[in-house]
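One structure is given below, encoded as structure tokens.
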Amino acid sequence: MPSPFRHRGPCGITTMKPILLKVSGRAGDLANVEPLIALFLGAALLAVFLSAFLQSRSTTEPPAKSSLLWTLYEQFRHLARALMLVALLAATISVLRIYLRQTVSNFQRTHGRVTQANYDAVRTIWGAEQEQGELKVEIYTDQEVTERIESEDLTKPAVLRKKIVRHPVTANPFAAERHDIVLKQNARKKGSAYYGGYETVCRFSWKLNNPAGTPQKCNLAFPLPAARAMYDDLSATLNGIDVLPQMQLKDATLVLARDLQANEALDLKISFKSRGVSFWYFQVREPREIRDFLLTLTLPDLPKARLNYPVGCMTPTDIQPTNSARGCVLTFRLDHAISSQGMGVALPSLPQPGEMTNAVLGETERAWLLIFAMLALTLTLAQVRHAALISILFGAATAFAYGLLGDFSDLLFGFLGTAVLILIPLLLALAKLLTRVTHGVAIKALALQFLIIGILYPCAAGLDSGRQTLYLNLCAVVFLAFTAWVLASRLRNRSEEPTSANATAQPG
């Protein structure tokens, strides 16, 4: 009769294989992303494994006459116990790491989550980015000519056809330009984030002349800065006369057609109010000489320190503070120049809701992994009883403290209030409890490092993102030096024990 347990071994291997692959995959991912932290965690798990395995062997008294099978069974039991302890620690790390990631993800989803979909919605509702093009002036005369087309069949008469031939004037009609733009920020909120919006008051003025000595026709085409935008208080005057009713709107362009007298001068002014997002700039796209050009861009609520320019834009000729000193005035002055560069401003990034909390929470995962590795490794080297269980309890409490930081951030005056009232008191209490685990200088130093890595590191790395690697390396160096000191102390104490025992055994 076949045994019912015949396929148990292969099934067990098949069941364990995906688990081992998953664990090794996560360990590999951590090593690729955070090799330093992975090294410390690996050292901590190795120390726990060796300590548990060797301690089990030392506490078990072998029988006087033990068979080989019994010895193998005992060794396997000690090995299984040590592996189960390491597996428990690894599972705890995995579960609490997922908890921390979900905490950060939930906070980011409800605080300052900038998305392309919401940005596109703001562009549709409020207004798009505005790229103001230069006025286009076309001066020309139309001549009607008769074209004679001879037929190949000589018996048929020639065909006469009339057509219009346009003769453009290529000379530059621009004499001077004066443009005045006032741009005021108006942040727009969509979802949980703010997007950089603005309102503008634009006044454009051109002085033109007919460079030809004969009467001509002209088309004045003013391109609007955005096809889908709102334009309020729109005004257009030519030589002081309102010409807006005579203008046509074609493809987001205001077009005015009129006749020009010989050497006639034109004074065209167009003004309107509008709004947009992200950036605004003016550009002379036509290849021509720019004469007596002055564009003044007033930013009443944007100081010089926060200025930024769109790609392809030139720096201003002059920057002056406003009368209130809260903003600045940009002046672009050109004369007898040729340039296709733009002139404008890009709005700075806005502070988002929960920005400080979000930055600190983004570093809590690294801080927590360092703390867990430090607790497991140090308590194991110090031969503290139930070191693995204590590491799990303190690690879980630290993770929950970080979770409360995100939960209470909106209720207790933002990050600073929550840190002072929730995070710091909880970690101070945990550090105090840590000093009660055992006696000695090492445990007090461990509690101090617990506070440094638990509080100072995520705050410093999160709020000073440019030096994240520096702060992580400093913590790693201190951790490594502290671990080496604890290990050296343990080895020194173990070497002194036989000496003390021999001195006690000698007769007095």
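The values are calculated or read from the model by the stated rules, or taken from the named source; none is laboratory data. As the structure is a computational prediction, the values presented were derived from the model and not from experiment. Cβ sites come from the backbone with ideal geometry, for glycine too, and all protein chains shown count toward neighbours.
Does residue 150 count as farther than 30 Å from residue 328 by Cα and surrounded by fewer than 18 Cβ atoms within 10 Å (Cβ to Cβ)?
For residue 150, the condition - farther than 30 Å from residue 328 by Cα and surrounded by fewer than 18 Cβ atoms within 10 Å (Cβ to Cβ) - is met.
Could you tell me whether any residue of segment 136-153 is part of a loop (DSSP other than H, G, I, E, B), free of Cβ contacts under 8 Å to residues at least 40 places away in the same chain and in contact with a Pro (Cβ under 8 Å, 6 or more places away or on another chain)?
yes
Can you list the strands (runs of 3 or more DSSP E) lying wholly within segment 308-406 that have 3 or more residues being free of Cβ contacts under 8 Å to residues at least 40 places away in the same chain?
It comes to 318-321, 328-334.
Given the conditions (1) of a type in the set (Lys, Arg); (2) over 21 Å from residue 126 (Cα atoms); (3) at pLDDT below 95, report the number of the one that residue 269 does not fulfil.
Condition not satisfied by residue 269: (3).
Could you say whether any residue in segment 6-25 is of a type outside the set (Asp, Glu), within 28 Å of the chain's Cα centre (by Cα), outside the structural domain of residue 190 (by TED's automatic domain parsing) and at pLDDT below 70?
yes
Quick one: is residue 90 surrounded by 12 or more Cβ atoms within 10 Å (Cβ to Cβ) and either more than 30 Å from residue 191 (Cα to Cα) or not β-branched (Val, Ile, Thr) (or both)?
When the stated conditions are applied, residue 90 passes them.
Conditions (1) outside the structural domain of residue 394 (by TED's automatic domain parsing); (2) among the β-branched types (Val, Ile, Thr); (3) exposed (fewer than 15 other Cβ atoms within 10 Å of the Cβ); (4) modelled with pLDDT of 90 or more, marked per residue:
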residue	(1), (2), (3), (4)
420	no, yes, yes, yes
425	no, no, yes, yes
432	no, no, yes, yes
438	no, yes, no, no
447	no, no, no, yes
451	no, no, no, yes
454	no, no, no, yes
459	no, no, no, yes
497	yes, no, yes, no
